[in-house]
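A short reminder: the numbers here are calculations on the coordinates, not readings from a lab. In this text, all values refer to a predicted model and were calculated from it rather than measured experimentally. No Cβ is skipped: glycine too gets one built from the backbone with ideal geometry, and neighbour counts run over all protein chains shown.
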């Protein structure tokens, strides 16, 4: 019997680079974003708000990152999954912090869930592009 | 590299006059309102409840002002923006304090977001008229 | 009458460098910290948790940064200020987010309160040293 | 048998003048305050934050006004009342919004509790002086 198992978690160094990549992508797109990154435990690991980025997104970006880390799928996958099940569509959306629109993506390393990233400030599609830019940094550093 | 950037924020003096203008407009319309004003950081700067104005609107007016300051658009613009995107319609409305009906308007000075005003007590249209009366005071004092 | 007044707020670029400086100081001291930075409105601007830094400090660091920005004095100044006034010692400590131990310092630029930094993970003294390292970055970039 | 009783409640007009009086007193004292006024139901009736007044006091001033209206005594009377009763000193202070230090005063008209005022930003004594300036406006308008 094994008393433990090993986990992977994103590191401080890569988080700094991920947030930088997301913000530079946002500049390219002409938007101002908040970006949040949680670790494998769903706890905030890094956060950055661009100058004049919307305050409302301070919370939304963190909830997206949490949702991604806490369920292991992109936040954009939630709506298609629940739309034909009214008990979920009207019910599960009340779960604290659960976010069902795009911009949150899990951080997966070697098949293991190592954290989540959430971006808010543009459209869901723009937010997701910024998040993907950040995830590319992870891929380049494995 | 610049360590800071400059912001504008509404002043106490104008806030007093804004709330007065909103309440007088409400009298004209025959309604009783709550009016809340937040600064550029979304923090409450001023608040006034007319005699016999609905208690429920104490919170609603503050949430409208916060939403306007925190996202930089009128609260009346939210529903048209999200109505055809079900993941937002069922999802983003759960964001704490987010208000998606009229009566909240950002305070913009020289192109910069300097605060928000929220009015509650009448219909969304009446509330917005009161908020606009208050914003006229800002324009007359630049 | 003036409808607005001007404020200064810390920029995204300097926030990235401030968090980096705080974390490197923590390494020197042999501790693992969470560092949070709020803007002049008390809203989260940046956050970083070092690998294996205590989870409890995720919230504490943010509350320290908020307290510093929201009252304009270092969090270490609170206890000496209230210790001989029992109504504050037993009363004001219940204020939401108020933190009365060291590690939170206001960010003051040209005499104006432009934000707050909060560090948590070591002793109050160690946390304050990390915060001061971050503030030195601000001074070097004015 | 009488199916109802009459209550008194502060009016919008006097609230505007009360907040103005409190802020001007604060200027005299060289402090920057938040002032909150609740009606006889403990609900927010008016609020004003002077430019650059501490954000932390946004909540404290409202809690002082609520406490004053909700128990009918000045907040400065709470500590002397509970200090020798440890179950209250350690227990009742956890009551949501209860504030046990000076700066909150009930508004009493013709022997009836008609609301509360709370001031925060200076010392408890300075805050109370500002609140009393506001209450003088009530007396002059009976």
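Some points to look at:
- Ordering of C:66-75, D:16-25 by packing is C:66-75, D:16-25, highest average first (other Cβ atoms within 10 Å, averaged per residue).
- Equivalent-ellipsoid semi-axes for the protein assembly as shown (Cα gyration tensor, √(5λ), whole Å, largest first): 40, 29, 23.
- Shielding value for B:79-91 is 4, the average number of Cβ atoms from other chains within 10 Å of each residue's Cβ.
- The alpha carbon centroids of region D:1-68 and region A:12-39 are separated by 42 Å.
- Once both labels are positioned 7 Å from their Cα atoms along Cα-to-Cβ, the gap between residue D:112 and residue B:108 label points is 4.7 nm.
- Fully extended contour minus Cα-Cα distance, from residue B:141 to residue B:59, at 0.36 nm per residue: 26.7 nm
- Cβ-Cβ FRET estimate between residue B:125 and residue D:17, R0 fixed at 25 Å, reported to 0.05: 0.20
- 16 Å cut-off, amide nitrogen to a point 7 angstrom out along residue C:85 Cα→Cβ, residues in region D:72-107: D:75-80, D:99-105
- Among the residues of D:57-63, the average count of other protein chain beta-carbon atoms within 10 Å of the residue beta-carbon is 4.
- For residue A:123, the point set 7 Å out from Cα toward Cβ sits 3.2, 5.6, 5.9 nm from its twins in the other copies, listed from shortest up.
- Position residue A:109, label points 7 Å along Cα→Cβ, spacing to each other copy in nm (shortest first, one decimal): 3.4, 4.7, 6.5
- Nearest-to-axis residue in chain D, judged by Cβ distance to the rotation axis that brings D onto B and given in whole Å, is D:47, 2.
- Separation of the residue B:77 and residue D:97 label points, Cα + 7 Å toward Cβ, nm: 3.4 nm
- P(r) histogram, all alpha-carbon pairs of chain B included - 10 Å bins from 0, percent: 14, 44, 30, 11, 1, 0
- Other protein chain C-beta atoms within 10 Å of residue C-beta, averaged over C:48-55: 5.
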